[in-house]
Amino acid sequence: MITLEQLSQLQTPEGSRLLAELREITPYAPVSIAIATRLRKTYPADLTIAAITIHDLRLKARAKFSRADEMWFTRDGLEQATSEAVANWRAQRYREFPEIVDLCCGIGGDLLALAFGTPGATLTAVDRDPLHLAMARLNAAALGVADRMEFIERDIRELEPGEQVAAFIDPARRSERGRMTLGESEPPLEWCVALANGHRAVGVKCAPGLDRARIPEEWEFEAIAIGTDLKEAMLWSPRVAQAINSATVIEGETVHQLRPVAGDPVAVRTPKTGDTLLDPNPAVTRAGLVEDLARTTGASKIDDRIGFLVSENWGSTAFARSLRVVESLPWNQRALNTRLRELGAGPVDIRRRGLAGDVDAIAKRLRGKGDRPFTIAMTRVMDQPWAIVCEAWPKIEQDTSGRRHID
Ligand SMILES: C[S@@+](CC[C@H](N)C(=O)[O-])C[C@H]1O[C@@H](n2cnc3c(N)ncnc32)[C@H](O)[C@@H]1O
C-alpha cells in the first residue's frame, strides 16, 4: 500500500531518479529481490518500497493504458480503472457537453478519456479517497490535460452539480472487505440514477450481470466487450440514451455497435450441414439482442430460448463467431463419438447453451485421434437436446490479382 506521503516523496528529484533507474534496469519484468536489495543501499528504504510498487503497477497497467509508464496507480485503483479502449469509446457521448463531472474518478482512467474526448469542455473530478484523487491529478498533469480540470475531495453525495452539467459515475464495486455482491455499489445504483433528475445527461458504469429489472425505464443498457471478453456495462439516462439496449464490441481501433432492429419474429429451424452457426458475442447476449443480430444477418434461431443462430449464407460479423456446420444431430454421445471418428476428429471444444453437463469431461471423451479440430455446440434445437458439429470456415485470402479465393 502506498501512502500520500510516499507519493509526494516520489515527486522529488530523488524519487524521479529512482523510478527512472528502475525503468532502465528492469523495463519489462517486476523488480527482483536482488535489485531491491541493491537499490536499498543507495536510496531510503521507504522510498525504495514505494518506487518498486509504482514501477510494478505501471508494468501491469500497460495492458490498460498506452501511457502507463507516466502514470500513478494504487493496486485497487488500477484494478478498478477503466481501460483506455472502453473509456475512449464512451467518452464520445459527452462530446456535446461543455461541463462534465466525473464522480468517483479513482486514479482517473475515465477522467483522462473524457478530457481527450471532449476538447474544450471543463471537467470536475471528485473522489473521497485523497490518494486516488492525488493520483488522478498527477495523471492528468502527466498527460497534459490538468489545466481544464478541478479536483474535489469529497463524498459525492454532498455535491449538487448544476442542471446542465453532464455526469459520469463509476461507483465503487468493492470495499475494504473485498468485492461487493452483484448489483451492490457505493454509492448505490438508485442514488446514481436519481442524479439524472429526469433530464440530466448521466452515464453510470455497472456490472454486466446487473438484474435487468433494476434498469429504469427509458434508460439505455449498453453491454461492452473487448473482443469476446465481456468487460462491463453502462446505463445511460434518457438525455443521452441512443436505444433501449445496445451491444458494443471493440476490436483494436474499431468499434462495432448493435442496436435493436425492428422486424417480424425470427424463424426457428433445425441446422443442417453447410449452414453457418453464429455463436453471439457475450455483449449481444447480455444486451438481449440475439434476435436483432438474426435480423441484421438474415439468420434463423434454432430454438426460442437458445442464443445460437444459423444461416444459409456464409458471412462474418463482429457480433458473433461464425462456424461451418459439418453435422447436426440429436444429442447422443455414442452416436456422436462414432460420427466424430468417421470425420477424423482430433481435439474438440464444447460450447454449451441450454444443456447441462461437464464440458471438460465431455470434451475429453469425444476427443479423437485424428487431426481435425471441431467445435461442438451442445444445445437444444426446438427443445430437443442436440449436437451441432462445427469447424472454422476456411480463411478467405486475396491473391495478388485481386481475386478472392478460399484455401
Ligand atoms: C471504480 S473506482 C473509479 C475508477 C475510475 N472510473 C477509473 O477509471 O479510474 C471508484 C472510486 O469511487 C470512490 N468512491 C466510492 N464511494 C464514493 C463516494 N461516496 N464519494 C466519493 N468517492 C467515492 C472510491 O474512492 C474509488 O476511487
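Any read-out appearing in this document is the output of simple, stated calculations on the displayed coordinates, not a laboratory observation. Note that the coordinates shown come from a computational prediction; the quantities given were computed from them, not determined experimentally. Cβ sites come from the backbone with ideal geometry, for glycine too, and all protein chains shown count toward neighbours.
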For segment 188-221, the count of residues that are part of a loop (DSSP other than H, G, I, E, B) and either of a type in the set (A, V, I, L, M) or surrounded by 18 or more Cβ atoms within 10 Å (Cβ to Cβ) (or both) equals 9
Checked against (1) buried (at least 17 other Cβ atoms within 10 Å of the Cβ); (2) over 20 Å from residue 230 (Cα atoms); (3) without any contact (Cβ under 8 Å) to a residue 40 or more places away in the chain; (4) within 11 Å of the ligand (Cβ to nearest atom), residue 87 satisfies every condition except (2)
Take the residues in segment 165-186 that are in contact (Cβ under 8 Å) with a residue 40 or more places away in the chain and within 14 Å of the ligand (Cβ to nearest atom), then tell me which one is surrounded by the most Cβ atoms within 10 Å (Cβ to Cβ).
168
Just for strands (runs of 3 or more DSSP E) wholly inside segment 114-173: which have at least 2 residues that are more than 29 Å from residue 6 (Cβ to Cβ)?
166-169
Unique match (being among the basic types (Lys, Arg), more than 9 Å from the ligand (Cβ to nearest atom) and closer than 25 Å to residue 28 by Cβ) among 93, 75:
75
Is it fair to say residue 141 is small (Gly, Ala, Ser), away from the ligand (no atom under 14 Å from the Cβ) and either touching a residue at least 24 places away in the same chain (Cβ under 8 Å) or out of contact with any Lys or Arg (no Cβ under 6 Å at 6 or more places or on another chain) (or both)?
yes
Name the single residue that is nearest to the ligand (Cβ to nearest atom) among those in segment 96-113 being of a type in the set (A, V, I, L, M, F, W, C) and not in a helix (DSSP H, G or I).
104
Whether any residue in segment 239-260 is farther than 20 Å from residue 286 by Cβ, over 18 Å from the mean Cα position of the chain (by Cα) and of a type in the set (S, T, N, Q) is what I want to check.
no
Scan segment 363-383 for residues that are surrounded by fewer than 19 Cβ atoms within 10 Å (Cβ to Cβ) and more than 22 Å from residue 267 (Cα to Cα) and jot them down.
363, 364, 365, 367, 368, 369, 370, 371, 372, 373
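For every residue, the table says whether it meets (1) hydroxyl-bearing (Ser, Thr, Tyr); (2) within 14 Å of the ligand (Cβ to nearest atom); (3) under 18 Å from residue 22 (Cβ atoms); (4) within 18 Å of the chain's Cα centre (by Cα).
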{"position": "59", "(1), (2), (3), (4)": "no, no, yes, no"}
{"position": "71", "(1), (2), (3), (4)": "no, yes, yes, no"}
{"position": "124", "(1), (2), (3), (4)": "yes, yes, no, no"}
{"position": "134", "(1), (2), (3), (4)": "no, yes, no, no"}
{"position": "137", "(1), (2), (3), (4)": "no, yes, no, no"}
State which residue pairs qualify: first residue under 26 Å from residue 210 (Cα atoms) and inside segment 245-267, second residue part of a loop (DSSP other than H, G, I, E, B) and among the aromatic types (Phe, Trp, Tyr) in any location, beta carbons under 7 Å apart, and separation of 6 or more residues or different chains.
247/319; 249/319; 256/319; 258/319
